[in-house]
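Data first, discussion second: the structure below is written as structure tokens.
The values are calculated or read from the model by the stated rules, or taken from the named source; none is laboratory data. Predicted, not measured: the structure shown is a model, and the values here were computed from it. FYI the Cβ positions are ideal-geometry reconstructions off the backbone, even for glycines, and counts take in every protein chain you see. Just the protein is used for accessible areas: all its heavy atoms, side chains included, with ligands, DNA and RNA removed. Shrake-Rupley method; radii C 1.70, N 1.55, O 1.52, S 1.80 Å.
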Amino acid sequence: MRNSSTFNKLGIWKGGIQSFIFALGLFALVLSVATISRFYSPSSIINTESLCKSANTEMQGGGGIESSAANKTIQAVIRKIEEEMRNMKDAPAESAALRYNTFLADILRVLKSAQVPATQFEMANLDRVVHPLAKSSEEAVEPANYFLTEEIRKYVKIKPNRLGKQNFMGANGTFTSIGHACFSMKSDLQEYMDYDVGDICKDDWKLAQKLMVHGCDPLPRRRCFSRAPKLYYKPYPINESLWKLPDDRNVRWSGYRCKNFSCLASNTSKKGFFKCTDCFNLTHHEKPRWIQPVALDPRLNTSADFLIPEVLNIKPGEIRIGLDFSAGTGSFAARMREFNVTIVTATINFGAPFSEMIALRGLIPLYLTINQRLPFFDNTLDIIHTTRFLDGWIDYMFLDFVLYDMDRVLRPGGLIWIDSFFCLKHDLRNYLETFKILRYKKHKFVIVPKLDKDDDREVFFSAILEKPPRPF
């Protein structure tokens, strides 16, 4: 019969080997988790839908910074190792047990040295990065937890300043933004942000514009190179470019029905859009506009079009800079340039390359939807012009928001030029009441029938309105 102490020693030896293997595997697992956490946030491998539905769970609240997640994991392992080491003190002083205890101490030292130092943001809240202006942690929502594509997750997270100090703008970090509707268009946005960093972007401008038009605006920035025409030729000199169709080779024609400017300028081709169908016809349709009367009503001998010289004479020498928020190719800006007035043209590419056309004419395109706040500071512009864009399709309350935003950026004494606003006759009174809310001085005002249809249910009205001083 073998000595019982031999069995005890053998049991301790086997237990030590098993514990050694367990600790070694645990150490490898911790290092793997810490390494992955440096590049991917922990919640990117779990179902983000369940996180959004369980707003009170710790996992959702802990979106945070990657290093915080790594620190929490390492701290949990440290606690388990320290507990195991305390238990080992009561074990028999055998050589295997001593070696196991020494091994755990070495692991503990390595783990403690591997902890990522917390930044100023993390020290404030180790579980998550809370927006500094949030009044309580309940109000802080981590939008990154809603998306699966890693690029959009990285983009929307708060980026603390590297030096832990406020920057010149008075903020402790960079707070990137996306439109609220992006959350309703999750799959489209993730498709848009699914690309290889540093590579050429996909030819997905139509997807981007779809997102913008439906409220996912602003879009996130991307870390890929935008596609360009295969052969880009230098644009025409400014003395030629204003009233000459650009070179077809300077536009990417993917996604358009017409594949060249001649098609867009033709009166017979099907162009794929219905707004501003003639505005690529620079010679016959665009060039006379705002310089000579067009579209005269034969019964009233009047037109909804005002002429640029008579509008500028309302404020001689005062109109220098402004915005054209219209469906067009920049012809208003081109004409105003001839009167030494700088106009920025806001447009989108609804069925044709409007932005490229404006730029190739030597003018400034502003790629902007009607959904977005105007990107100008208060009381800065001399004139805002809009034609055949804010029309009878627009909701009354939304028009209110648009007009108040125009009032915000227009300086006191500045002009709003409502150019050929069309609507149904029975809606006219409501729209006029909306414009009256601004309490602007009326310089010019006209209402004429809309003659491009057989019935007479629609009308045009145009107005030149001046913003009052409002000293109080």
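Observations, loosely collected:
- When residues in segment 347-369 are screened for being open to solvent by 30 Å² or more (accessible area, probe 1.4 Å) and either outside any loop (DSSP other than H, G, I, E, B) or over 25 Å from TRP243 (Cβ atoms) (or both), 6 of them pass.
- Members of segment 302-326 found to be open to solvent by less than 10 Å² (accessible area, probe 1.4 Å) and outside any strand (DSSP E or B), listed by number: ALA304, ILE308, VAL311, SER326
- Pairing residues of segment 210-233 that are farther than 22 Å from GLY198 by Cα with residues that are open to solvent by 90 Å² or more (accessible area, probe 1.4 Å) and outside any loop (DSSP other than H, G, I, E, B), at Cβ distances under 6 Å and at least 6 apart in sequence or on separate chains, gives TYR233/ARG249.
- Pairs meeting the criteria (first residue in segment 329-341 and under 15 Å from LYS244 (Cβ atoms) and of a type in the set (A, V, I, L, M), second residue open to solvent by less than 10 Å² (accessible area, probe 1.4 Å) and not in a helix (DSSP H, G or I), beta carbons under 7 Å, at least 6 apart or on different chains) are ALA334/ARG361.
- Residues that are surrounded by fewer than 17 Cβ atoms within 10 Å (Cβ to Cβ), under 16 Å from the mean Cα position of the chain (by Cα) and of a type in the set (Ser, Thr, Tyr) occur at least once in segment 165-174.
- Pick from segment 230-259, criterion closer than 24 Å to ILE200 by Cα and polar (S, T, N, Q), ranking: most open to solvent (accessible area, probe 1.4 Å): SER254
Rundown of residues vs (1) touching a residue at least 60 places away in the same chain (Cβ under 8 Å); (2) of a type in the set (A, V, I, L, M, F, W, C); (3) open to solvent by 70 Å² or more (accessible area, probe 1.4 Å), yes/no style:
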{"site": "ARG408", "(1), (2), (3)": "no, no, no"}
{"site": "LEU415", "(1), (2), (3)": "yes, yes, no"}
{"site": "CYS423", "(1), (2), (3)": "no, yes, no"}
{"site": "LEU428", "(1), (2), (3)": "no, yes, no"}
{"site": "LEU438", "(1), (2), (3)": "no, yes, no"}
{"site": "LYS441", "(1), (2), (3)": "no, no, yes"}
{"site": "PHE460", "(1), (2), (3)": "yes, yes, no"}
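- When residues of segment 178-205 are limited to those that are of a type in the set (Gly, Ala, Ser) and surrounded by 12 or more Cβ atoms within 10 Å (Cβ to Cβ), the one nearest to ARG222 (Cα to Cα): GLY179
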